[in-house]
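To start, the structure under review is shown below, and the notes come after it.
Each reported figure results from applying straightforward, stated rules to the coordinates on display, with no laboratory input. Computed from a predicted structure; not experimentally measured. In this analysis, Cβ positions are derived from the backbone assuming ideal geometry, glycine residues included, and neighbour counts consider all displayed protein chains.
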Amino acid sequence: MSILTYIIACPFVGALLVLCVPRNYRFVIRTIALSAAFLSMVLAIRAFAAFSAGGGYQFTQQNNWVQDLGITYHVGADGLNIGLILMGAIVGFAATCMAREIKERDKEFYLLLLIMTGGILGAFASLDLFLFYFFHELALIPTFIMIGVWGRGENKNYAAFNITLYLTAGALIALIGLIALYLTSGARTFDIVAMTAYVKTHPISLANQNFIFPLLLFGFGILVSLWPFHTWAPLGYGAAPTSTAMLHAGVLKKFGLYGLIRIALPLLPDGAHSWLHVVAFLCLGNIIYCGLVAMRQRDLNLLIGNSSVAHMGFVFLGIASLSLVGVTGAVVVMIAHGLLAALTFALSGYLYQQTGTSDMGKMGGLMRPMPFIGAALVMAMMAGCGLPGFANFIGEAMVLFGSWNAFPLPTTLAVWGGLVIGAVYMLRAIRAIVHGPVVETQTQVKLTDAVSLWRKTPFALLIVTLLIFGIYPSLLTDKIKPAAESILAMANGGTVVPAKARISAGSAAAFEAKSAELKTH
């Protein structure tokens, strides 16, 4: 049995055990949940360490499920998803650690949290379209319930309905696209590997590609908060419990981006070339517009939520470049942002529990009474600015280098938006929260720092992982590169564009003519 099956199964087994424990045994319930998430994380680290960077799928397992429809239980890992599985397992454990804030109906909360974690890991490990979508929905449904029941703020019900409507619509559009892909591919299987091999020799017609690709683009795009379909994200994350926001913003939101790279680019290359210029300009809405909105926020959760949406623009830009450097950087950004989003929402949740507010105007000088949390917040905000040393810097730099030749104007604006706007709202937040005098309202509250090792664990785990991948990015890039090359070979008609992005046909012809002229001399 594949190690991926064990990674996926641990949270589900934990959920079954939690279901059998009486609700008044709170310590037992929390211990089971933590143990299941921890074991899943340890197995994911082991799988990541054992993964060979030579290319191809590893840790595969395939069993027939609905044979007449071509549905199988098929899991496997290549460079594209092995880092996402690791990131998802780490964030899942950190989110379970942060669930201590839940004091009512905690049995149901841990049950839903484990189901959500298992669904996320299953979605990233699946190599079957049906299973891929099924696991995503299994992870998505608890999100709505957790915001509606355990959410905070006066607008939690509105936020729950808003996120439900948007994400249900996005999932439905994506489902239509996936069904159309299954029907028009001719492969008569939901197996992604078999379908890719079949389409490689029997391409889907241009008309069908131009119909299916926008369905997947905007269906997955809504799930990822592609501008202008992004308004659900800041409100939803602001109202969500800490653990829910960590898992959804950090991990589950990457499902749509992963789907575009894994499914849409290789199977619908002509459709991709028709639409990716549109994506390159839409992503500027994420980077610039959402960045400007973040600058105006006084609520820490809304600032982090808008910042999270802004960072998604870099991933879309890297995908649109269809270059090896750009797509590899996009995957690195997905992993780095998952860790960073989980860290920032964990810190925001801790501050909310201590201060009773997420209004930055009512905070101040928290570095003195809370030195560990204050230092962790500064590091998280600086990572969000793209400070070298953190994995976010590596990913965003690769995206910008990879997309320059393809989209010079969007890339220039993205650099300005990422460096200038991002730095402004992140540095403002640092100044407002951890520096200056202690706000008078906070002097009446006893603020407690994360003093014990156990309370520091989720924050330290996320920060250390960001630093490891930032200092040694080859741990990720060497694994991602072979998978990205394979996908781009199909997306670019058999040609992988290396360090430079795509060039126009006219530029290519001019280059060839100039080379021939030099040879004659």
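Restriction of the trypsin sites (Lys or Arg not before Pro) in region 1-62 to DSSP coil positions whose beta-carbon has at most 11 other beta-carbons within 10 angstrom yields 23. The residue among 85, 280, 348 whose Cα reaches farthest toward the positive pole of the charge dipole of region 3-520, with charges on the beta-carbon of Lys, Arg, Asp and Glu, is 348. Summing Cβ point charges (Lys, Arg +1; Asp, Glu -1) relative to the Cα centre of the chain gives a dipole of roughly 940 debye. For the peptides 67-77, 300-310, residues were scored by their other Cβ atoms within 10 Å and the scores averaged per peptide; the highest-first order is 300-310, 67-77. Relative to the longest principal axis of the Cα atoms of the chain, helix 300-321 runs at roughly 10 degrees.
Projecting the Cα atoms of 370, 52, 256 onto the charge dipole of the chain (Cβ charges, centred on the Cα centre) puts 370 farthest toward the positive pole. Each label point was placed 7 Å from the Cα along the Cα-to-Cβ direction; for residue 49 and residue 100 their separation is 2.7 nm. Among the listed pairs 253/456; 107/456; 362/456; 156/254; 254/446, those with a Cα-Cα distance over 28 Å are 254/446.
Counting beta carbons within 10 Å around each of 319, 7 and listing the fewest first gives the order 319, 7.
The chain has equivalent-ellipsoid semi-axes of 37, 28, 20 Å, by the square roots of 5 times the alpha carbon gyration tensor eigenvalues, sorted largest first.
Please identify the chymotrypsin sites (Phe, Trp or Tyr not before Pro) of region 315-394 that satisfy two criteria: DSSP loop assignment and at most 10 other Cβ atoms within 10 Å. Which are they?
Working: sites: 316, 345, 350, 352, 372, 390, 393; in loops: 390.
For chymotrypsin sites (Phe, Trp or Tyr not before Pro) across region 315-394 that sit outside H, G, I, E and B with at most 10 neighbouring Cβ atoms in 10 Å, the list is empty.
Angle of helix 106-125 to the longest C-alpha principal axis of the chain, folded into 0 to 90 degrees and rounded to 10: 20°.
Label zone (residue 64, point 7 Å along Cα-to-C-beta; backbone nitrogen cut-off 16 Å) within region 178-216: 189-191. As a rough guide to protection, the peptides 105-116, 194-205, 423-434 ranked by mean Cβ packing within 10 Å, highest first, stand as 105-116, 423-434, 194-205. Relative to the longest principal Cα axis of the chain, at what angle does helix 3-20 sit, 0 to 90 degrees, rounded to 10? Relative to the chain, helix 3-20 is tipped by roughly 30 degrees. Working from Cα pairs under 8 Å separated by at least six residues, relative contact order for the chain is 16 percent.
Residues 415, 327, 451, ranked from the fewest to the most other C-beta atoms within 10 Å, line up as 451, 415, 327.
Taking the average, over residues, of other Cβ atoms within 10 Å as the packing measure, peptides 135-143, 178-186 rank 135-143, 178-186 from highest down. Simple spin-label estimate for residue 176 and residue 475 gives 4.3 nm between the two label positions (7 Å along the Cα-to-Cβ direction from each Cα). In plain terms, the chain from residue 368 to residue 452 could stretch by 28.5 nm, reckoned as 0.36 nm per residue minus the Cα-Cα distance. Modelled label positions at residue 489 and residue 419, each set 7 Å beyond Cα in the direction of Cβ, lie 3.6 nm from each other.
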